[in-house]
Amino acid sequence: MKRAETDAAVRRILITGASVAGNALAWWLTERGFDVTVVERHPQFRDGGQNVDVRGAGREVLKRMGLEQAVAGSGTGETGVRFVDADNKTVAQFGVDEFGADGPTAEHHG
C-alpha cells in the first residue's frame, strides 16, 4: 500500500449514533480533514424527545461552530415546569422567570 493510501485510510472515521454528541464530533473531525461517516440504527427520523440543554462550555462550543444564533432561534418557547397528578390537575407550577438563567433548562436566558 502506498503512503498516500495509508494516510487516507487512517483519516477515515466511523461514528455510531447520530446523537448530539455524535454529530458534533463528526462536525469537528470533518473540520480537521477527516472523512467521517455517521450511522444510526433507528430506521427513521425521531421527532420526539427532550430539549437539548446547553450550558457552560456547551455554549462556547456552539459559538465556535457558528451555531449560536441558529440554536437560539430554534427553541421550544419553554414557559416553565408544571407537575400534574393522575387526573392532570396541577400540583405545582414554576414559571421560567422564577428560576432565572439557571432554571430546569438553559433555554431561558433571563
Candidate set from the stretch 15-40 (those that are without any contact (Cβ under 8 Å) to a residue 12 or more places away in the chain and outside any helix (DSSP H, G or I)); member that is nearest to Gly58 (Cα to Cα):
Ser19
Residues being within 12 Å of the chain's Cα centre (by Cα) and of a type in the set (Ser, Thr, Tyr) - total across the stretch 61-79:
1
From Gly48, Gly66, Gly75, Gly56, residue being modelled with pLDDT under 80 and exposed (fewer than 10 other Cβ atoms within 10 Å of the Cβ):
Gly48
Quick one: in the stretch 78-110, of everything that is touching a Gly at 6+ places or on another chain (Cβ under 6 Å) and part of a strand (DSSP E or B), which residue is modelled with the lowest pLDDT?
Gly80
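The values are calculated or read from the model by the stated rules, or taken from the named source; none is laboratory data. These numbers were taken from a predicted model, which means no experiment stands behind them. Ideal geometry is used to build each Cβ from the backbone, glycine not excepted, and the neighbour counts take in all protein chains shown.
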